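Participant: I'd like to ask you about the structure that follows.
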Amino acid sequence: DRVVVLVSGGGSNLAALLEAHRDPGYGARVVGVVSDRVEAGGLEIARAAGIPTAVVSPKDFDDRPSWDRGMAEAVGVFDPGLVVSAGFMRILGAPVLERFERVINTHPALLPAFPGAHGVRDALAYGVTVTGCTVHLVDAGVDTGPIIAQQAVEVLPEDDEATLHERIKVVERALLVDVVGRAARHGIHLDGRRAQLLEPAG
Ligand code: GRF
């Protein structure tokens, strides 16, 4: 399956997918990386791996709908069977969601708890003793699409946002690599709110 990865930040999730896609049996091949920010570190990771990149920056567009269309166009160039939002910090609009039926996102909290751009900070501030990460199908809402997989991560008393997020990211990368590989090889079945991977966990 041809995979396009959307990044806004450092791209450690992208790096994990690129590591996995070196195995010919993985089933998913990252064919393009698209960012909303020219300075995203993930673009550098893509370039170093010889993966084509595109930047679709909101400031280059007159309004949000035209940026949405720009995103759909830029992703469409790579003709992906699966779009993976990994640390992409913008809401994907209808032009993207209508054109690509399989868009998944990774979020560093156990949705529906702590959606949005500060899931790690919000979980810490709330005082939870367990948080985690979620891989889900993207719908029109903010982190509200059907859940595919989750993994719990313990919050330690001495944690701050950075240490907790780093611990979550270790688990998150492995979860995302597993889900993307299985989705690419065998697909995702949507049954109401439940998104089932058709290939059982290895
Ligand atoms: C990930 O934890 C993602 O869930 C969150 O931001 C982080 C991005 O990390 N939205 P990276 O850019 O993949 O290193």
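Participant: Figure the gain on full extension for R22 and V130 (residue separation times 0.36 nm, minus the Cα-Cα span) and round it to one decimal in nm.
Facilitator: Numbers: separation 108, 0.36 × 108 = 38.88 nm, distance 3.33 nm.
Gain on extension, R22 to V130, equals 35.6 nm.
Participant: How large is ³J(HN,Hα), in whole Hz, for each residue of region 39-47 in order, when computed from phi with the Karplus curve 6.51 cos²θ - 1.76 cosθ + 1.60 and θ = phi - 60°, using x for Gly and Pro?
Facilitator: Running phi through 6.51 cos²θ - 1.76 cosθ + 1.60 with θ = phi - 60° gives 8, 4, x, x, 5, 5, 4, 4, 4 Hz.
Participant: If you don't mind, another one. Averaging sequence separations of C-alpha pairs under 8 Å and six or more residues apart, then dividing by the length of region 1-88, give the relative contact order as a whole percent.
Facilitator: Details: 159 pairs, mean separation 38.1, N = 88.
Dividing the mean separation by the residue count of region 1-88 yields 43 percent.
Participant: I would also like to ask the following. Build a GNM of the chain with springs between Cα atoms under 10 Å: which of V170, V31, V84 gets the top mean-square fluctuation?
Facilitator: Fluctuation is largest for V170.
Participant: Here's a follow-up. What is the P(r) of region 40-102, as percent of Cα-Cα pairs per 5 Å bin from 0?
Facilitator: Taking every Cα pair in region 40-102, the percentages come to 4, 16, 26, 28, 18, 7, 1.
Participant: Let's test this: bin the Cα-Cα distances of region 82-134 at 5 Å from zero up to the farthest pair and state each bin's percent.
Facilitator: 4, 19, 25, 20, 14, 9, 5, 2
Participant: Name the residue, out of P146, P24, P52, whose mean-square fluctuation peaks in a Gaussian network model built on the chain with Cα pairs under 10 Å.
Facilitator: So, out of P146, P24, P52, the one fluctuating most is P24.
Participant: A further question on this structure: For K59 and R185 in the same chain, what is the full-extension length gain: residue separation times 0.36 nm, less their Cα-Cα distance, in nm? Write down the numbers at each step before the final one.
Facilitator: Numbers: separation 126, 0.36 × 126 = 45.36 nm, distance 3.73 nm.
Length difference between fully extended and current span is 41.6 nm.
Participant: From a point 7 Å beyond the Cα of Q196 in the direction of its Cβ, which residues of region 121-154 have a backbone N at a distance under 19 Å?
Facilitator: 135-137, 146-150
Participant: Mind checking region 148-202 for GluC sites (Glu not before Pro) that DSSP puts in a loop (not H, G, I, E or B) and that have at most 15 other Cβ atoms within 10 Å?
Facilitator: Values: sites: E154, E158, E161, E166, E172; in loops: E158.
Sites meeting the loop and neighbour criteria: E158.
Participant: Among P65, P95, P115, determine the one that fluctuates most according to a GNM of the chain built with springs between C-alpha atoms less than 10 Å apart.
Facilitator: In this elastic network of the chain, the residue with the biggest mean-square fluctuation among P65, P95, P115 is P65.
Participant: Continuing with the same structure: Computing the accessible area with a 1.4 Å probe over protein heavy atoms, can you report the carbon and sulfur percentage for region 131-202?
Facilitator: Details: 1970 of 3560 Å².
Result for region 131-202: 56 percent of the exposed heavy-atom area is carbon or sulfur.
Participant: Using the Karplus curve 6.51 cos²θ - 1.76 cosθ + 1.60 with θ = phi - 60°, work out ³J(HN,Hα) for each residue of region 150-158 in order, rounded to whole Hz, and write x for Gly and Pro.
Facilitator: Along region 150-158, the couplings run 9, 9, 7, 9, 6, 8, 8, x, 8 Hz.
Participant: For the chain, what does the accessible surface come to per residue with a 1.4 Å probe? Please give it in Å². Display every interim value, and only then the final one.
Facilitator: Working: 9530 Å² over 202 residues.
With the other protein chains kept in place, the chain gives 47 Å² per residue.
Participant: Given the convex hull over the Cα atoms of the chain, what projected area results after averaging over all orientations, in nm²?
Facilitator: Hull-based average projected area comes out at 11.0 nm².
Participant: Subtract the Cα-Cα distance of A113 and V142 from 0.36 nm times their separation in residues, and report this length gain in nm to one decimal.
Facilitator: Numbers: separation 29, 0.36 × 29 = 10.44 nm, distance 1.19 nm.
Length gained, A113 through V142: 9.3 nm.
The values are calculated or read from the model by the stated rules, or taken from the named source; none is laboratory data. Please read these numbers as outputs of a predicted model, since none were measured by experiment. Cβ sites come from the backbone with ideal geometry, for glycine too, and all protein chains shown count toward neighbours. The protein model used for the area step is the full one, side chains on, heavy atoms only, and it has no ligands, DNA or RNA in it. Shrake-Rupley method; radii C 1.70, N 1.55, O 1.52, S 1.80 Å.
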